[in-house]
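Before any comments, here is the structure.
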Amino acid sequence: MNVQRGMTLIDVLVGSALVLIVFLTLLGLLRASLLISSSAKAKAGATAVATTQLEYLRSLPYGSVGTVGGIPAGLIPQSSTTTMNGIPYTIRTFVAYVDDERDGTGVSDSNGITTDYKKAKVAVTYIFRGTTREVALISNIAPPSLETTAGGGTLRVNVVDAVGVAVPGASVRIQNTSLSPSVDVTTFSDASGATAFPGAPTSTEYQISVTKSGYSSAQTYTRDATNQNPTPGYLTVVGDQTTSGTFAIDALVPFTLRTFYPIQPASVTDTFSGSAGVTSMTNTQITGGALQLSGGVGSYALSGSARSTTTAPTYLSAWTNVSGTLATPVGTTVTVHVADGSGVLVPDSILSGNAAGFSSFPIALSGVSTSTYPALSLVTELSTTNASSTPEILDWGFAYDEGPIPVPNVPFTLTGEKKEGTTGAGAPIYKTIVSTTTDATGVRYIPFEWDVYTLSDVTGYTIASSSIASPYTLTPGVPFDVSLFLQ
């Protein structure tokens, strides 16, 4: 007898899973190959654009190799854009003279010519899958015959940090609008923190600015009617000489200023003008500004209880005591307990006698931890032996210390010691003066340059104390946090 067996559900599921695994693997391989192909295509386009730009530079007469606003000057834009195969590219061209070491450099140059040849760099950037990528090509461009002087001198900019260590990768911008053509070129400091421009035209108007992400900035300053003695002023390039300027930048200081009211006594009291301060009552009532047993003369309940609403100060610093006023005619009693925010009594190990309860005020709370008990409530039992008489609680509440409490929108001014120069009368012109306010939470964050800052103009307040006394000495890159306690 032949028995033909078909495919079971398990066979179908296993087969489908195997097919799915194979197809997902193939899909992943296909996706990876497409990404690699797209990346290679974009890079090939960038290389082609860079090669074309560099060949164009090589085809120019030697004297025309330069950039608009650069040193040497020329007609080639420092930055331009183009599109190839639907991909946008940004082309950045940088040309500079080179003082070859083989015949000496600077004043040691054997023939006195520091502009031996030109070096051109073409950097092409593009975006692939949200990431900026770059292809860069560099070429030396030599004069057609013997090296010739380009006139002018050499402008050298040195970038150091607060202790004089070289800062590489800093952006150095050189401007001079008094020349024709004008100069406006940006480059970056090398591993020794320097950048040099041989062949810079002679002039007394070279403006320098130095920046780097996450760092302070440094620059030259204009001499004008106010700043008659800028520090430093514009640099001067003299023919056949090297002019050097040193600029110090360093990591910004994360500076935070906070404003508070100091820790001070506070309290909350329920005078039983209504039931808002009571969360539960059993055989009790609020009448005539007092908490008492329910009923009336001759019909008062023999016992009852109540619990207050929770007291949870936002800026609680310490619990002080429970205060209140009781009226206990003969034959009546009032017992008060201290509970947490949910009504669970604070144990006797923390508040001695709390389980049995207290029959008088104040109740000292100095041993109650604010971290364990950030919120408290009161629980009471009232009793009488005579239905014609009732005990009363006329008022009760908590006393505590609160603070520091943030003070919003406090104005202040911080002035640094570094100067941009002085007036004709010798009055200092400070580099950094910041006048601002703390925000709605009483905090102000400012990334500051390293310096010594003096606090002033805390208008409308008296500084009772401060976590750090002014002036504040800021160290590069080291967070600085100061709290002011105000009156």
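The values are calculated or read from the model by the stated rules, or taken from the named source; none is laboratory data. Nothing here was measured: the structure is a model prediction, and the numbers come from that model. Quick reminder, even Gly has a Cβ in these numbers, built from the backbone with ideal geometry, and neighbours come from all protein chains shown.
So the values come out like this:
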item	result
Residues of the range 319-343 satisfying the condition of being part of a loop (DSSP other than H, G, I, E, B) and surrounded by 15 or more Cβ atoms within 10 Å (Cβ to Cβ)	T328, G343
Positions within the range 399-447 being within 22 Å of G477 (Cα to Cα), in contact with a Lys or Arg (Cβ under 8 Å, 6 or more places away or on another chain), not in a strand (DSSP E or B) and not β-branched (V, I, T), in sequence order	K418, K431
Single residue of the range 166-183 satisfying the filter (over 17 Å from P77 (Cβ atoms) and among the small types (G, A, S)) that is surrounded by the fewest Cβ atoms within 10 Å (Cβ to Cβ)	S180
Among (1) surrounded by 19 or more Cβ atoms within 10 Å (Cβ to Cβ); (2) under 19 Å from L474 (Cβ atoms), the one test that T220 misses	(2)
Residues located in the range 279-318, provided they are part of a strand (DSSP E or B) and under 30 Å from G442 (Cα atoms)	T311, L316, S317, A318
Residue in the range 465-478 that is aliphatic (A, V, I, L, M), surrounded by 14 or more Cβ atoms within 10 Å (Cβ to Cβ) and either outside any loop (DSSP other than H, G, I, E, B) or in contact with a helix residue (DSSP H, G or I) (Cβ under 6 Å, 6 or more places away or on another chain) (or both) present	no
Filter result (of a type in the set (G, A, S), part of a loop (DSSP other than H, G, I, E, B) and farther than 28 Å from A120 by Cβ) within the range 187-227	G214, S216, S217, A225
Candidate set from the range 223-246 (those that are among the hydroxyl-bearing types (S, T, Y) and buried (at least 16 other Cβ atoms within 10 Å of the Cβ)); member that is nearest to E449 (Cα to Cα)	Y234
The range 73-118 - residue that is modelled with pLDDT under 90 and among the basic types (K, R) and, of those, nearest to L137 (Cα to Cα)	K118
T438 vs. criteria outside the structural domain of P230 (by TED's automatic domain parsing), buried (at least 19 other Cβ atoms within 10 Å of the Cβ), in contact (Cβ under 8 Å) with a residue 12 or more places away in the chain and polar (S, T, N, Q)	yes
